[in-house]
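Quick notes on the structure that follows.
The values are calculated or read from the model by the stated rules, or taken from the named source; none is laboratory data. This is a predicted model, so every value here is computed, not measured. Here the Cβ positions follow ideal geometry from the backbone for every residue, glycine too, while neighbour counts run over all protein chains shown.
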């Protein structure tokens with residue numbers, strides 16, 4: 001049994017996608033179906049990055065694919081393929097793919113940023129050069145929630161380097177948990193990174209009302225008038241009590257005066273010192289009238 005195969009690389013956002021295509025056939029060139037094709041791919045450090053099993057179709061062909069991530073080391077990647085089927089000899093093919101395309105990657109200093117409404121926060125974005133990448137990378141943000149703004153400093157840099165990202169939530173920012181996606185673009189290369197943004201209600205804002213001076217004066221005048229009225233009422237009640245006590249100094253009349261005095265105290269129409277003074281006087285008078 002014989003086998004032939006090819007590797008076809010394609011640049012993608014995550015790195016390079018490598019398509020594997022092959023065919024299994026016998027010594028006369030007739031396709032062999034249902035052959036088991038084992039595929040192993042190793043990186044330049046001989047570490048396995050992909051393992052798969054494919055089956056040949058009726059026409060003897062098989063397919064597979066694997067991805068070399070953008071942050072993978074540059075160098076030779078090796079694909080080992082082995083085809084087996086009972087009644088046939090084992091077929092082996094080894095192919096090498098060199099991954100040396102310059103690229104960049106992006107990293108965030110945090111996976112979660114928590115803000116209250118009205119607050120701002122900082123995130124550091126690191127743009128790394130891969131395989132001697134030296135082209136400017138432009139930074140921007142995608143699909144921001146309502147009331148949230150993002151500013152980059154700088155908004156364009158040549159790897160490797162850092163950009164400070166200021167995330168601001170307005171007083172009316174939407175409350176909840178959101179995924180913030182940051183985009184790095186350089187020519188045909190596009191990479192993204194994401195972090196979670198949690199927005200909680202902000203502190204209660206105090207509202208200050210400026211009252212015109214004329215209104216303040218009117219309020220103070222009103223308070224003073226009310227105090228004067230209360231004092232006038234108290235004085236009138238005491239004068240009435242004194243007149244009643246002078247008009248009749250008998251036992252029953254004096255007892256009534258004392259009862260009236262207690263009522264005035266209970267309704268705060270007589271101050272405590274006046275109450276004590278009059279009470280002692282009327283109690284003495286009451287003793288003498290028995």
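Values as computed for the structure displayed
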{"quantity": "One residue from 161, 74 being surrounded by 13 or more Cβ atoms within 10 Å (Cβ to Cβ), within 30 Å of residue 189 (Cα to Cα) and not assigned by TED's automatic domain parsing to the domain that holds residue 6", "calculated": "161"}
{"quantity": "Test: residue 61 is modelled with pLDDT of 90 or more, farther than 30 Å from residue 175 by Cα, within 48 Å of the chain's Cα centre (by Cα) and outside the structural domain of residue 140 (by TED's automatic domain parsing)", "calculated": "no"}
{"quantity": "Any hit, segment 127-140, residues being touching a residue at least 60 places away in the same chain (Cβ under 8 Å), at negative phi, buried (at least 16 other Cβ atoms within 10 Å of the Cβ) and outside any strand (DSSP E or B)", "calculated": "no"}
{"quantity": "Segment 11-22 residues that are at positive phi, paired with ones that are at pLDDT 75 or above (beta carbon under 7 Å, 6 or more apart)", "calculated": "15/67; 15/68; 15/69; 15/70; 15/72"}
{"quantity": "All positions within segment 85-119 that are loosely packed, with under 13 Cβ neighbours inside 10 Å, under 12 Å from the mean Cα position of the chain (by Cα) and in a strand (DSSP E or B)", "calculated": "112"}
{"quantity": "The one condition in (1) assigned to a strand (DSSP E or B); (2) closer than 21 Å to residue 102 by Cα that residue 73 fails to fulfil", "calculated": "(1)"}
{"quantity": "Residue match in segment 143-152 (condition: on the phi > 0 side of the Ramachandran plot and either assigned by TED's automatic domain parsing to the domain that holds residue 46 or outside any strand (DSSP E or B) (or both))", "calculated": "yes"}
